[in-house]
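Here the structure is laid out as structure tokens; the discussion comes afterwards.
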Ligand code: PPE
């Protein structure tokens, strides 16, 4: 169970956690067309700070644009509502989940006049793949489920329904004794994790999959930018699962997963079977940034007073 906080923002009102409910005929609940975000707020010496808030809000609106959802608020209003929700719940550190959903009204696949609603919840969420995983790496399984073709389910939008595919992959991986799943694209190349983007390091080159059948991850973007500033050779290009088997290092990135090293894929040990030098370096810079200890990237943090 996730720990309760005091209030959830629902269409402009701060509602008590236990009363933040919807009707069972809420359209999104039946058909999966809703868009959401996952954002983290970290404790810094200057107080709580939200990581890359503007980019997350922009992606929420882009998701809505792709899926023809008319959010009845401006980006500025949602941004302010997110900050307010963190404030009223007095969170020092939390995960933030804005959700845009189609409400109660007509049923069937054409909910023309149903209202579009927005909710924002916050809660404490520790290491997504476990503290141990964050430190020493996780065991991953290539999924028997593949990512949707981009014309079946557009991946630039972070929609609720996309995560059915992710859940199938995740359940399969866990039931086989692994920590996480790696999904391939429709052509058999590596795509991403169930809720993470993926990177490898081979011969000093950092590679990640191109933005064709994956979510445009904000942590992915952060890592690319940090690596560029560190003078690391970066490539955004397709690679296969066997290239991952023989990589020197591999890791997942995501808001929830942060930077989680991969120590094994399908029973093949990656590199030395522990977080590699470049992974550790990027992880350490990332955690300094989010905790407000790296001035160079301070524009990525929005302070919550
Ligand atoms: N790919 C997928 C499929 C994905 O869900 C995420 C985030 C990412 C990549 C990384 O994107 P970003 O967070 O912008 O770096 N997954 C979110 C949901 C996880 C969940 O279990 O819920 C997250 O990390 O918040």
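Please treat every number below as a calculation from the coordinates, not as lab data. Just so it is clear, the structure is predicted and the values come from calculations on it, not from any experiment. Here Cβ is always computed from backbone atoms with ideal geometry, including for glycine, and neighbour counts include all displayed protein chains.
Under Stokes-Einstein, with the Kirkwood radius over Cα pairs standing in for Rh, what whole-number D in µm²/s applies to the range 114-160 at 20 °C and 1.002 mPa s?
Taking Rh from Cα pairs, D becomes 142 µm²/s.
Take every Cα-Cα distance within the chain, group them into 10 Å bins from 0 onward, and report for each bin the whole-number percent of pairs it holds.
6, 27, 34, 25, 8, 1
Evaluate the Debye formula for the range 252-305 with equal point scatterers sitting on the alpha carbons, no solvent, and hand back log10 of I(q)/I(0) at q = 0.21, 0.30, 0.32 Å⁻¹, in q order, two decimals.
Evaluating at q = 0.21, 0.30, 0.32 Å⁻¹ gives log10 I(q)/I(0) of -0.82, -1.19, -1.24.
Per 5 Å bin from zero, what fraction in whole % of the C-alpha pairs of the range 200-305 is there, up to the bin with the longest pair?
2, 12, 22, 24, 21, 10, 5, 3, 1, 0
Using only Cα atoms, figure out Rg for the range 185-235 and give it as a multiple of 2.2 N^0.38 Å.
With N residues counted in the range 185-235, Rg over 2.2 N^0.38 Å equals 1.14.
With springs only between Cα atoms under 10 Å apart, run a GNM on the chain and tell me which of 143, 119, 175 wobbles the most.
Judging by the Gaussian network model, the answer is 175.
Quick check on the range 1-87: take the gyration tensor over C-alpha atoms, sort the square-rooted eigenvalues as a ≥ b ≥ c, and tell me if it's rounded (a/c under 1.5), prolate or oblate.
Judged from the Cα gyration tensor, the range 1-87 comes out oblate (a/c at least 1.5, b/c at or above a/b).
Would you mind putting 16-28, 145-157 in packing order, based on average other-beta-carbon counts within 10 Å, highest first?
By packing density, highest mean first, the sequence is 145-157, 16-28.
Three principal axis extents, largest first, for the C-alpha atoms of the range 159-204, in Å?
Taking the Cα atoms of the range 159-204, the three principal extents are 36, 26, 18 Å.
Could you check how many percent of all C-alpha pairs in the range 61-134 are farther apart than 15 Å?
65 percent
Can you give me the distance in nm between label points at residue 168 and residue 156, each placed 7 Å from the Cα along the Cα-to-Cβ direction?
Each label point lies 7 Å from its Cα, and together they span 2.5 nm.
How are the alpha carbon pair distances in the range 137-179 distributed across 5 Å bins from zero to the largest one, expressed in percent?
Reading the bins upward from 0: 5, 22, 27, 18, 16, 10, 2.
At a 10 angstrom cut-off on C-beta neighbours, averaged per residue, how do the peptides 101-113, 255-267, 278-290 rank from highest to lowest?
255-267, 278-290, 101-113
Can you give the Rg/Rh ratio of the range 79-178, where Rg is from the C-alpha atoms and Rh is the Kirkwood radius?
Rounded to two decimals, Rg over Rh is 1.05.
Under the 0.36 nm per residue contour assumption, what length would be gained going from the current alpha-carbon distance of residue 203 and residue 225 to full extension?
Extra length from residue 203 to residue 225 when fully extended: 6.0 nm.
For residue 237 and residue 149, what is the calculated FRET efficiency with R₀ set at 22 Å and r taken between the beta-carbons, to the nearest 0.05?
FRET efficiency, residue 237 to residue 149: 0.65.
Hey, rough spin-label estimate for residue 176 and residue 124, points 7 angstrom out along Cα→Cβ, what's it come to in nanometres?
Once both label points are built, they end up 3.5 nm from each other.
Starting with the highest mean, order 188-201, 121-134, 37-50 by the number of other Cβ atoms within 10 Å, averaged over the residues of each peptide.
For the peptides 188-201, 121-134, 37-50, the packing ranking is 188-201, 37-50, 121-134.
For the range 236-305 and the range 69-121, what is the separation of their C-alpha centers, rounded to whole Å?
Result: 30 Å between the Cα centres.
Roughly how many nanometres apart are two label points built 7 Å out from the Cα toward the Cβ at residue 14 and residue 136?
Those two pseudo-labels are separated by 4.3 nm.
How big is the Kirkwood radius of the range 213-262, worked out from every pair of different alpha carbons and given in Å to one decimal?
Computed over Cα pairs of the range 213-262, the Kirkwood hydrodynamic radius comes out at 12.1 Å.
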